[in-house]
1. Let me spell it out: the conditions are (1) part of a loop (DSSP other than H, G, I, E, B); (2) more than 12 Å from the ligand (Cβ to nearest atom), and A103 meets all of them except one. Which number is the exception?
2. Find all pairs meeting these conditions: Cβ atoms under 6 angstrom apart; at least six residues apart or on different chains; first residue within segment 106-128 and farther than 16 Å from A224 by Cα; second residue in a loop (DSSP other than H, G, I, E, B) and near the ligand (Cβ under 9 Å from one of its atoms).
3. List every residue pair whose Cβ atoms lie under 8 Å apart, where the two residues are 6 or more positions apart in sequence or sit on different chains, the first residue falls within segment 161-174 and is away from the ligand (no atom under 16 Å from the Cβ), and the second residue, located anywhere, is part of a loop (DSSP other than H, G, I, E, B) and not acidic (D, E).
4. Looking only at segment 396-433, how many residues end up being in a helix (DSSP H, G or I) and either among the aromatic types (F, W, Y) or crowded, with 17+ Cβ neighbours inside 10 Å (or both)?
5. From (1) in contact (Cβ under 8 Å) with a residue 12 or more places away in the chain; (2) more than 9 Å from the ligand (Cβ to nearest atom); (3) under 24 Å from G312 (Cα atoms), pick out the condition that doesn't hold for R148.
6. Conditions first: (1) surrounded by fewer than 22 Cβ atoms within 10 Å (Cβ to Cβ); (2) touching a residue at least 60 places away in the same chain (Cβ under 8 Å); (3) closer than 28 Å to I285 by Cβ. G375 passes all but one, so which condition is the exception?
7. Using the structure shown, decide if T90 is of a type in the set (V, I, T) and farther than 30 Å from I176 by Cβ.
8. Has segment 339-351 got any residue that is in contact (Cβ under 8 Å) with a residue 12 or more places away in the chain, more than 22 Å from S428 (Cα to Cα) and either touching a Phe, Trp or Tyr at 6+ places or on another chain (Cβ under 7 Å) or assigned to a loop (DSSP other than H, G, I, E, B) (or both)?
Amino acid sequence: MSDSQTQHWQALGRDHLLPPFTDYKALNAKGTRIIERASGVYLWDSAGNQILDAMAGLWCVNVGYGREELVEAAARQMRELPYYNLFFQTAHPPALALAQAIAEIAPEGMNHVFFTGSGSEANDTVLRMVRHYWAIKGQPERKVIIGRWNGYHGSTVAGASLGGMKAMHGQGDCPIPGIEHIDQPYWYGEGGELDPDEFGVKVADQLERKILEVGADKVAAFIAEPIQGAGGVIIPPDSYWPRIRQIIDRYGILLIADEVICGFGRTGHWFGSDHFGNAPDLMPIAKGLTSGYLPMGGVIVRDEVVATLNEGGEFYHGFTYSGHPVAAAVALENLRILREERIIERVRDKTAPYLQARWRELADHPLVGEARGVGMLGALELVKNKKTRERFADPGAAMTCREHCFRNGLVMRAVGESMIISPPLVISEAEIDELIDKVTRCLDATARDVK
Ligand SMILES: *Cc1c(COP(=O)(O)O)cnc(C)c1O
């Protein structure tokens, strides 16, 4: 595509588009990057550059780009029944078949799904469903949901409130009442002198303190990502989830595991909750559910919660596109691909161990204080001094590194002073080698710039 065509698209962006999570003035001064097509793990921009997409879009293109089966599934369903709803005591085959397929892969005792259009809507659903659940049980004062600082649960009012992103809270009076936050299990950034497991127990115990502070009879649920994604691929120490589980059981509150990123194979298991064995009551899902080919989310619900909802009369909640037939048909086909091609097994047994071994080699780089990861997730902590974990002064090194990534045909994301990856699950060993080579080159270039 010619330069003038790219400039034309950029002008349209400036004149008409308000993109998400963007500093409009800064972007308009610079011009947006135009992505035109994609195949496998690669993107092509309007200047013809081939870019290795180490973020799988936004953590979602699990089966990779260009899967004709998903295109065909959508086209077939559009011809058969492009739209109908689940409101009026009606249903349609794609939503029913998908609900069954999700129940088959979900943890034991989780057999129902409430469909939404996105992960944020899933968390709005969770907020209302959990409070409704306790009201049915005769404990309507149990309203408070405890989340975590730097957790991410979406960008609607409920999502932003449940999440712990202070910058988001600062815009639009979030969190809404009835949401509390505790610290995240971010050992590298906040663990100080403690060893990881001591730190894991210490931050998990904040849940108990918060429950007692709020009043044990007022707390409805705890919400957390099994591994924090948008917060910077923060992997809790091994001691964390078992301790959280003990506290949940002690006070009888509900556990909500936000599986929007971890779900559908990201950790080498179907769900992050399988990886940690944390037995949640509700699991918001989205992203990898359709591999991002169409928007769809949902909440997978434990049988005991469903039994209570069954006693509560009408649940006055839902979306026009809950269980949308075309999205459901694509999700169903996406699950078939994941299952029949044994993609998650291959991640678990082969490609994730390879990625993680190669990723940890990056810890030898002078800029890298820690290289961590699980499954097809990874993070690098960029530091000035590895021993003291001292960071580079504002603006830091990560934004510089991200610019070098784009220049070197690689998409990695910068979160604070971490560089993070979440590649398509289908990435091959040769492509992982290419990824590591490119990351090394970008780290070298960054080191030259910040020194
Ligand atoms: C992306 C994300 C969401 C929000 O999903 P949307 O589809 O963007 O609304 C919620 N929770 C987690 C953990 C996410 O990563």
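The values are calculated or read from the model by the stated rules, or taken from the named source; none is laboratory data. Here the structure is a predicted model, which is why all the values come from computation and not from measurement. A quick note on method: Cβ atoms are made from the backbone with ideal geometry, for glycine too, and the neighbour counts reach across all protein chains shown.
1. (1) is the only condition that A103 fails.
2. Correct list of pairs: G117/P295; S118/A286; S118/P295.
3. K166/W149
4. Going residue by residue through segment 396-433, those that are in a helix (DSSP H, G or I) are 398-407, 429-433.
Applying the additional criterion that residues be either among the aromatic types (F, W, Y) or crowded, with 17+ Cβ neighbours inside 10 Å (or both) yields 398, 400-402, 404-406, 431-432.
Of the residues in segment 396-433, 9 are in a helix (DSSP H, G or I) and either among the aromatic types (F, W, Y) or crowded, with 17+ Cβ neighbours inside 10 Å (or both).
5. Here R148 clears every test but (3).
6. Checking G375 against (1) surrounded by fewer than 22 Cβ atoms within 10 Å (Cβ to Cβ); (2) touching a residue at least 60 places away in the same chain (Cβ under 8 Å); (3) closer than 28 Å to I285 by Cβ, the one that fails is (1).
7. yes
8. No, the conditions are met nowhere in segment 339-351.
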